[in-house]
Amino acid sequence: MTDINSPLPATGSDADDAPLYAPRRKIHPQAVQGRFRRIKWTVLAITLGIYYLLPFVRWDRGPNAPDQAVLIDFPNRRFYFFFVEIWPQEVYYLTGLLILAALILFLMNAVAGRAWCGYLCPQTVWTDLFYAVERFFEGDRREQIRRDGSRLTVRTFIDKAMKHWVWLLIAWWTGGAWVLYFADAPTLVKELASGTAPFAAYLWIGILTLSTYTLAGHMREQVCTYMCPWPRIQAALTDEHALNVTYRYDRGEPRASLKKSIAARAAGGKAGDCVDCAQCVAVCPTGVDIRKGLQIDCIQCGLCIDACDAVMSKIGRPTALIAYDTDLNVKARELGQPETFRIVRPRTILYGALIVLVGAVMLWSLATRDVAGISVIHDRNPVFVRLTDGGVRNAYTVRVLNKTLEARRFSIGVAGRDGLSVEAVGVAASREGEPVVEVGPDQTRELRLLVTAHEPPRVEGAIPLVFTLTPLDGGRAATARDYFRGP
Amino acid sequence: MTTERGETHDHSVDPVTGTTTTGHVWDGISELNTPLPRWWLWTFYLTIVWSVAYWIVYPAWPLAQGYTKGLFGWQSREAIVTDLAALQAQRAAFGGRLAEAPLADVAKDEQLFAFARAQGKAAFGDNCAPCHGAGGGGGKGFPNLNDDDWLWGGKLEDIQTTIRHGIRWTADDQTRIGTMPAFGRDGVLKRPEVNAVASYVRTLSGLQPAAGADLALGAKVYSDNCAACHGDKGEGKQELGSPNLSDPIWLYGSDVVAIADGVWNGRGQAMPAWSGRLDETTIKALTVYVHSLGGGAR
């Protein structure tokens, strides 16, 4: 850093005067084995397995609903998720899910930094898979660098072409799986295979193919570094107790090659455990040097831990030179103070409690939600009608909702004033003076409801009315409020 | 190098960014040469090619007479016709059932009834609402279709006949005509008689007569001139279209002035015949809709 008060160098070649734009440095991450690599493969297999296969999971809901476990049914405006069926007006459950997801993300961050970024984020999972494909066809890091640096041979061209072909296949399958969430999966697969699927299906497969191929194949770590907001938010949310992938510089520094460090130690001098082999940099999928400390490009996937541990084991030094640790502990060890690990602290307790609370509220509201509903709109023109016998009548447009998967019968009653009679236009059935209507499974029915006050009414202003929808099978009633108006 | 306009042309490299400059310098500020990305340029060329292709394929240029038709003769009007045909086809399933179903049976089928009401509501908004109001609430001189007071009958068949042939619509030879004569203007009744009968008519539906009104004279005038059409007790006759004077519903208002005005000048609002202007299925849907507003008689 140049002191801003010092006179500017005449040549203008100072580091601060470097171009503001950096061309992208292509990253060739090296293959690595170890604990975190195994965890990442496992997570990759599980998450991709869920993504690709979930649409084929069946869930029997009886004859009046689709039997796909997870289905977003746009034409019929329903969302099915195993035992849950959501109507459009219940989208607030989605809001609840998003709140829950955000809180879980916060908790993960408070416990172990960017665990989401390193293991679970789709961008990471697909990019990881694409890197594996790249290494399969083009060889490991050194091979790739050598090939990229030399003239294009027929062999390299074929390998690269194969890589892009497989990438596109994966991307295409990704898009293909995406559309299966929006229609009956087995049927749509058949339609896709026979070329009779709706145009939207092909369009979305195309879009998802393109986005997957671009994001996972070409943009890779740039998505995390430049496009994603989470690293910025995460940096503001984290604290000194959160575990992060940390280079323990208290142990590693001063770094020196194996020979020099052995010589220095033999001479009674100080030499750290880091042998500066740069394996941690070589394996990094975002190309950072973890030894520079916590940085925004680091997705904390732990692969540098695996790489370093392998080297340390080989040269007979203790592992965990890079490990999940906190800066606080690094400093503490430097000062000879004890380490502290505080997973349970106000922050994590708060996030945990909020997750439990939001989850409980959602479950409770889901379990106790009404499966019958009624909504009422008063006629605007005319607001009321005088009848030949001197009575007054108000008309309402009523919609009855039946969220169960069986047809149900309801009676509709009105309370709020003595001597009111209720009639639903076109409905002959009644019970105790209340019209009885049948609503089909998982459907709504609109009715015109006439409420009449036969005695000469003394209506001043508006009389509040309560419309009660009573299921004849004994289920819970639903109510709606409106007014009765007269001259 | 300085031009006549004072610009300096010097294609040097800007030291800060490493970018070449265009050589334009104003007040010591030089313009960097950052050419458009190649993909942008090619996209731009592509749009030009696209537009030329568009001219050729679609109708584009106006000519002295007509216009260039395009390769395939595409027309927006044709596209609308196609869309309308598609809509008709979509409606055909229910529309066909509605056309065939007897009028009385429409309400028995829940789905058909809902379809008829929806179509009737749309047709009502397009054709009837200007006079009868958006919800059929009516206005002075235009009957409220929500109440149970019908001039020409409120059964399904009556409503259908009224919509088909109109009222006092002389262009239709089946239209129904009932005339309230202008008793005063034509010299049949004198002003005191008209005032007296107006007050008397108010009492038929329980309203107060005007102060000091000669009800005996009114009753006599009524039975001599009005009862023939409106009935002895003012109950009206739907076959003549004569209003019921004994209920609380008044098409032109219930005050003495309004009633006297009707007796003096007569009444006779016309309703157009819709047969021929609307197809039979639409009239059927309108009939069902109006009947279902609340006042329909069985």
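The values are calculated or read from the model by the stated rules, or taken from the named source; none is laboratory data. All values reported here derive from a predicted model rather than from experimental measurement. Glycine also receives a Cβ, built like all others from the backbone with ideal geometry; neighbour counts cover every protein chain displayed. Please note that ligands, DNA and RNA were not included when accessible areas were found on the heavy atoms of the full protein model with its side chains. Shrake-Rupley method; radii C 1.70, N 1.55, O 1.52, S 1.80 Å.
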**Item:** The listed residue being touching a Gly at 6+ places or on another chain (Cβ under 7 Å) and either surrounded by fewer than 20 Cβ atoms within 10 Å (Cβ to Cβ) or part of a helix (DSSP H, G or I) (or both), out of B:171, B:107, B:123, B:114
**Value:** B:107
**Asked** Which one is farthest from the chain's Cα centre (by Cα), of the residues in the stretch A:473-485 that are part of a strand (DSSP E or B) and small (Gly, Ala, Ser)?
**Response** A:480
**Count - residues of the stretch A:235-276 that are in contact (Cβ under 8 Å) with a residue 12 or more places away in the chain, surrounded by fewer than 18 Cβ atoms within 10 Å (Cβ to Cβ) and of a type in the set (A, V, I, L, M, F, W, C)** = 3
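Yes or no, residue by residue, for (1) open to solvent by 20 Å² or more (accessible area, probe 1.4 Å); (2) within 40 Å of the chain's Cα centre (by Cα):
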site	(1), (2)
A:421	yes, no
A:437	no, no
A:445	yes, yes
A:451	no, no
A:471	no, yes
**Conditions (1) open to solvent by less than 50 Å² (accessible area, probe 1.4 Å); (2) more than 14 Å from chain A (Cβ to nearest Cβ); (3) touching a Pro at 6+ places or on another chain (Cβ under 9 Å); (4) not charged (D, E, K, R): number failed by residue B:258** = (3)
**Request:** Please find, among B:146, B:127, B:195, the residue that is in contact (Cβ under 8 Å) with a residue 40 or more places away in the chain and within 14 Å of another protein chain (Cβ to nearest Cβ).
**Result:** B:146
**Asked** Is the stretch A:450-465 home to any residue that is without any contact (Cβ under 8 Å) to a residue 60 or more places away in the chain and within 22 Å of residue B:114 (Cβ to Cβ)?
**Response** yes
**Asked** So which residues in the stretch B:231-244 are open to solvent by 20 Å² or more (accessible area, probe 1.4 Å) and within 15 Å of residue B:259 (Cα to Cα)?
**Response** B:243, B:244
**Prompt:** Any residue at all in the stretch A:367-377 that is among the charged types (D, E, K, R) and within 25 Å of residue A:464 (Cα to Cα)?
**Reply:** yes
**Item:** Hits in the stretch A:173-186 - residues which are open to solvent by 60 Å² or more (accessible area, probe 1.4 Å) and assigned to a helix (DSSP H, G or I)
**Value:** A:173, A:178
**Request:** For residues that are over 17 Å from residue B:159 (Cβ atoms) and within 12 Å of chain A (Cβ to nearest Cβ), scanning just the stretch B:130-141, find the one that is farthest from the chain's Cα centre (by Cα).
**Result:** B:139
**Request:** Pick out the one residue from A:386, A:380, A:393, A:409 that is open to solvent by 60 Å² or more (accessible area, probe 1.4 Å) and either of a type in the set (S, T, N, Q) or farther than 30 Å from residue A:87 by Cα (or both).
**Result:** A:386
**Request:** Read through the list (1) on the phi > 0 side of the Ramachandran plot; (2) within 14 Å of chain A (Cβ to nearest Cβ), then give the number of the only condition that residue B:241 fails.
**Result:** (2)
**Request:** Scan the stretch B:209-231 and report the pairs whose first residue is among the β-branched types (Val, Ile, Thr) and whose second residue is not in a helix (DSSP H, G or I), with Cβ atoms within less than 9 Å and a gap of 6+ or a chain change.
**Result:** B:221/B:183; B:221/B:189
**Request:** Test residue B:234 against the stated conditions and say whether it is touching a strand residue (DSSP E or B) at 6+ places or on another chain (Cβ under 9 Å) and within 14 Å of chain A (Cβ to nearest Cβ).
**Result:** no
**Check on residue A:47, assigned to a helix (DSSP H, G or I), at pLDDT 95 or above, under 17 Å from the mean Cα position of the chain (by Cα) and of a type outside the set (A, V, I, L, M, F, W, C)** = yes
**Request:** Hand me the list of strands (runs of 3 or more DSSP E) wholly inside the stretch A:392-437 holding 1 or more residues that are within 23 Å of residue A:61 (Cβ to Cβ) and out of contact with any helix residue (DSSP H, G or I) (no Cβ under 7 Å at 6 or more places or on another chain).
**Result:** A:392-402, A:408-415
**Request:** Check whether at least one residue in the stretch A:321-328 is of a type in the set (Gly, Ala, Ser) and within 14 Å of chain B (Cβ to nearest Cβ), and report yes or no.
**Result:** no
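Table: residues versus (1) farther than 24 Å from residue B:146 by Cβ; (2) assigned to a helix (DSSP H, G or I); (3) among the β-branched types (Val, Ile, Thr); (4) open to solvent by less than 40 Å² (accessible area, probe 1.4 Å).
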position: B:206; (1), (2), (3), (4): no, no, no, no
position: B:217; (1), (2), (3), (4): yes, yes, no, no
position: B:223; (1), (2), (3), (4): yes, yes, no, no
position: B:226; (1), (2), (3), (4): yes, yes, no, yes
position: B:229; (1), (2), (3), (4): yes, yes, no, no
position: B:246; (1), (2), (3), (4): no, no, no, no
position: B:252; (1), (2), (3), (4): no, no, no, no
position: B:269; (1), (2), (3), (4): no, no, no, no
position: B:285; (1), (2), (3), (4): no, yes, no, yes
**Message:** open to solvent by less than 90 Å² (accessible area, probe 1.4 Å) and away from chain A (no Cβ under 14 Å): which single residue out of B:85, B:101 fits that description?
**Reply:** B:85
**Request:** For residue B:184, indicate whether it is open to solvent by 60 Å² or more (accessible area, probe 1.4 Å) and either more than 19 Å from residue B:162 (Cβ to Cβ) or not basic (Lys, Arg) (or both).
**Result:** no
**Those residues of the stretch B:224-257 which are touching an Asp or Glu at 6+ places or on another chain (Cβ under 9 Å) and among the β-branched types (Val, Ile, Thr), in sequence order** = B:249
**Asked** Just to be sure, is residue A:417 at pLDDT below 90, touching a strand residue (DSSP E or B) at 6+ places or on another chain (Cβ under 7 Å), open to solvent by 40 Å² or more (accessible area, probe 1.4 Å) and among the charged types (D, E, K, R)?
**Response** yes
**Fill in**
Among A:395, A:360, A:367, the single one that is within 14 Å of another protein chain (Cβ to nearest Cβ), small (Gly, Ala, Ser) and free of Cβ contacts under 8 Å to residues at least 60 places away in the same chain is A:395
**Prompt:** So which residues in the stretch A:250-267 are among the small types (Gly, Ala, Ser) and outside any loop (DSSP other than H, G, I, E, B), if there are any at all?
**Reply:** A:252, A:261, A:263, A:264, A:266
**Fill in**
In the stretch A:80-115, anything surrounded by fewer than 19 Cβ atoms within 10 Å (Cβ to Cβ), within 15 Å of the chain's Cα centre (by Cα) and of a type in the set (Phe, Trp, Tyr) is listed as A:93
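Rundown of residues vs (1) acidic (Asp, Glu); (2) more than 28 Å from the chain's Cα centre (by Cα); (3) modelled with pLDDT of 95 or more, yes/no style:
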{"residue": "A:341", "(1), (2), (3)": "no, yes, no"}
{"residue": "A:344", "(1), (2), (3)": "no, no, no"}
{"residue": "A:363", "(1), (2), (3)": "no, no, no"}
{"residue": "A:379", "(1), (2), (3)": "yes, yes, no"}
{"residue": "A:391", "(1), (2), (3)": "no, yes, no"}
{"residue": "A:400", "(1), (2), (3)": "no, yes, yes"}
{"residue": "A:427", "(1), (2), (3)": "no, yes, no"}
{"residue": "A:432", "(1), (2), (3)": "yes, yes, no"}
